[in-house]
1. Can you give the FRET efficiency to the nearest 0.05 for K57 and K155, using r as the Cβ-Cβ distance and R₀ = 41 Å?
2. So what are the ³J(HN,Hα) numbers for segment 65-79, from phi and the Karplus equation (6.51, -1.76, 1.60; θ = phi - 60°), rounded to whole Hz, Gly and Pro as x?
3. Could you give the length gained on full extension between S64 and I87, defined as 0.36 nm per residue of separation minus the Cα-Cα distance, in nm?
4. Counting other beta carbons within 10 Å of each residue's own, what order do K57, K166 fall into, fewest first?
5. Distances longer than 24 Å among the Cα atoms of segment 35-165: what percent of all pairs is that?
Amino acid sequence: MRTFAIAFLVVAALCGGAQAQGYSTPAEQRYSPYSGSLPVCDDPGVLSTITSRFAQKETEYWHSGLQMGGCERIREIGLRANGAGYIPRRYCVARAQLSDLKPRAVIYAIREGLGIIGWGYGVEWCVVGRDENLAYAPGCQAVRPIMDTDILGEKGLQAIISDLLKSSPYHVDGQ
C-alpha cells in the first residue's frame, strides 16, 4: 500500500509539472499555432464591427435607436496581457460618440482566431454605461485583461477613461 501511495505521488507530481508547462509555451508554438498578428486598435475593420454591432444591439434588443457615430482617442491598454500561453489578444479603449450626445468609453478586445467559425479575428466590446444586461459587469471588466489588476489596475483604467471623456465637444458637466 505504501508503494502504491509513493507511485501515485510521483505520477501526480509529473503530471502537475506537465500541466504547468502548457501555459508557459507561447501560443505560436503549439500544435494549433497562432501567428500573433492582430489588427491595431484603430483598424477601420475593428471599429466598423463595433459600430455596426452596437447599432444592431440597440435597435433589435433594446429598441433605443441609439447610434455610435464613431470612436476617437483610441488607446491600447494591453497586448497579450494575459500571458504568452493564451490566445493572442489586443486590449483597447476609446471614446465613443453616441447619438444621445453623451461621450462613453468603449473597452474592446481583438482576439486572434476567434472570428466566425474560428476564422480571422474576433472583436469583443463593451460600452461603459450601456451594458444593460450586465454581460460584462461590473463596469465592462469582463472584456479587460485577466491580469489587469497587476498591469493597469482599476484606478489606472479609470484615469484613462476619465481622460478620454474630458475635453469632449459633447461633454456636459454633471453627466
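Read-outs: derived from the displayed coordinates by stated rules, not from any lab. Quick caveat, the model's predicted, so the values are computed rather than measured. Backbone-built Cβ (ideal geometry, glycine too); neighbour counts: all protein chains shown.
1. Between K57 and K155 the formula returns 0.90.
2. x, 5, 10, 9, x, x, 10, 9, 6, 7, 9, 8, 10, x, 10
3. 4.8 nm
4. The most exposed by this proxy come first: K166, K57.
5. Details: 2089 of 8515 pairs.
The calculated P(r) of segment 35-165 puts 25 percent of pairs beyond 24 Å.
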